[in-house]
Amino acid sequence: MKNPQVLIVGTDPMLRDEFNAALRGAKKWSPVVHLALEQRQGLEIARNRRPEVICFEVRHDSSELIRFAEEAAIVTPESTVVAIFRPEDFDAGVEESSVVIDAMRAGVTDCLRRPLSTVELQQLFDRVLGAAPREQRELGRVISFVSNKGGAGKSSISVSSAVALAQDYPDDVLLVDTSLQLGVAAMMLDISPKTTIVDAIQESHRLDETLIRQIAAPSPYGLHVLAAPPDAVEASHVDDEGLSRIITLARRTYKFVIIDTYPMLDSVIMAALDLSDLVFVVFHATVPSVVGTAHFLDVLKKVGVAEARQRIVLNYNFPRVSGGLKAQDVVDRLGRDIQHVFPFQKKLITALNTGKPYAASCGKRFGFGKVLAGVVREIEATPGPGQRAPAAHQAMAVPGPRS
Ligand SMILES: Nc1ncnc2c1ncn2[C@@H]1O[C@H](COP(=O)(O)OP(=O)(O)OP(=O)(O)O)[C@@H](O)[C@H]1O
Ligand SMILES: [Mg+2]
């Protein structure tokens, strides 16, 4: 291996210099070094660069390291995560030995004390880079549906996609309803789950692949559901760390994890986006929605959801009106291709009242069902972590802006 890649994640700007200084003596290896000053950026670099080694700076205690190691294991399972620390950076009462034990439990096998030494770095690289490549475990795909405005059709399309997928993969699809204010997924499926996402969060320390299946409610369509919390008080238990943990475990258990979200970009939704292989951005055909979405797509990019992971979905959730925007008008204003255009389908509204999802009975050859089949094909074809990202799905696409 000629130029291995190393990612350093830490808030100390001196880390890179310290690392390079120690590395100068280790003649055998000359890695390309990347630096991320915060975790989210670190995960995005890890996802794109797939570094052989990720050095994570531990401060205060082990909690951030544990979370980072779990997420890194998902986005770049072949990387080796190494903890680096100065014991004096730990909070009062936090012992070095307990940090090392926590690190080991999180799958971090190497811990290096600062200042970094040439000998230790050399030994680390010999061990990691000289070893045979790690075996990769097949993980489920995580797919989110987002919008920056309410009522765009996230729940309709995410539930429809999950139902359609579950028909082909019964008991292998989990729908996670993160709509913390008012989740509708259970209503759309006409189920009254006794357990919700809050139970999964509260059990998160003993949660494993078996327990998550037990907590998720079954639906008549072979789809499993982690429903939204019943009220705002319960919703306050849902945080970014808990949701990350649930998604991380769910993708080890299910082939597909579909996430319905709410129109906000807070830390909980960011946790879902960080772990998503594809993010469907849903909006409808009005000028404010299009303008808002153009801005939202930029924001997504800035927070690390690169265009390759974004899919744009135009949803006609109201009947066509004279003077309404056509798909090509929307593309011109948006300045981006649209991958999927859902037509208005009034049976979706009937389905809301009957609790029988339209996706369970609609065909795949025309209208809403045909577009849905395109979304499902794209989800099925999505490579998981560690595989190459697909080109944007073109079959249903409305091409880019006219010049
Ligand atoms: N293609 C469509 N044709 C007809 N009606 C639709 C379509 N898509 C969505 N709707 C309707 O639009 C309304 C809003 O849809 P939905 O609840 O899925 O939006 P949402 O983005 O999840 O909203 P929120 O942000 O409040 O969670 C619902 O009444 C739904 O039945
Ligand atoms: Mg919704």
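For segment 1-53, rounded, prolate or oblate, judged on the Cα gyration tensor with a ≥ b ≥ c (square roots of eigenvalues), a/c < 1.5 rounded, else prolate if a/b > b/c? Oblate, since a/c reaches 1.5 and b/c is not below a/b. If you keep only loop residues by DSSP, which chymotrypsin sites (Phe, Trp or Tyr not before Pro) in segment 333-389 have at most 10 other Cβ atoms within 10 Å of their Cβ? For chymotrypsin sites (Phe, Trp or Tyr not before Pro) across segment 333-389 that sit outside H, G, I, E and B with at most 10 neighbouring Cβ atoms in 10 Å, the list reads F366. For segment 141-380, a Kirkwood radius taken over Cα pairs fed into Stokes-Einstein (37 °C, viscosity 0.692 mPa s) yields D = 184 µm²/s. Annotation: amide H of L7 within the under-5 Å range of H34, V53, I54, C55, sequence separation 5 or more or interchain, hydrogens built in the peptide plane. A Cβ-based charge dipole, computed about the Cα centre of segment 187-261 with Lys and Arg at +1 and Asp and Glu at -1, lands at about 400 debye.
Find which of N317, I247, V299 sits farthest along the positive direction of the dipole of segment 242-331, computed with +1 on the beta-carbon of Lys and Arg, -1 on that of Asp and Glu, about the Cα centre. Most positive-ward Cα: I247. Using C-alpha pairs below 8 Å separated by at least 6 residues, the relative contact order for segment 5-130 is 28 percent.
Taking other C-beta atoms within 10 angstrom as a stand-in for reagent exposure, H224, H237, H284, H60 fall in the order H60, H237, H284, H224, fewest first.
Protection proxy ranking for 292-301, 178-187, 314-323, using the average of other Cβ atoms within 10 Å per residue and placing the highest first: 178-187, 292-301, 314-323. Within the chain, DSSP assigns beta bridges of which about 5% are antiparallel (rounded to the nearest 5). The angle between the Cα long axis of helix 39-49 and the longest principal axis of the Cα atoms of the chain comes to about 90 degrees, rounded to the nearest 10. Among the listed pairs K255/K347; K347/K370; K149/K255; K149/K356; K255/K364, those with a Cα-Cα distance over 24 Å are K255/K347; K149/K255; K149/K356. In the chain, taking the dipole from charged Cβ atoms about the Cα centre, the farthest positive-side position among I101, V32, P229 is held by V32. Rounded to whole numbers, the Karplus 3J(HN,Hα) couplings from phi for segment 25-31 are x, 7, 5, 5, 10, 10, x Hz, using 6.51 cos²θ - 1.76 cosθ + 1.60 with θ = phi - 60°, and x at Gly and Pro.
The alpha-carbon of K27 sits under 12 angstrom from the alpha-carbons of these aspartates and glutamates, leaving out residues fewer than 8 places away in its chain: D126.
Counting alpha carbon pairs within less than 8 Å and at least 6 residues apart, what relative contact order, in whole percent, applies to the chain?
Values: 786 pairs, mean separation 65.9, N = 403.
Over the chain, the number comes to 16 percent.
In this structure the amide hydrogen of F344, modeled in the peptide plane, comes within under 5 Å of the amide hydrogens of Y316, none closer than 5 places in sequence on its chain. Normalised by residue number, the volume inside the convex hull of the Cα atoms of segment 5-130 is 91 Å³ per residue. Normalised radius of gyration (Cα atoms, divided by 2.2 N^0.38 Å) for the chain: 1.06.
Taking the Cα centre of the chain as origin and assigning +1 to Lys and Arg Cβ atoms and -1 to Asp and Glu Cβ atoms, the resulting dipole is close to 1960 debye.
Rule-based calculations on the coordinates, nothing more; no lab input. Only a predicted model underlies this, so the values are computations on that prediction, with no experimental measurement involved. All Cβ positions, glycine included, derive from the backbone under ideal geometry; neighbour counts span all protein chains shown.
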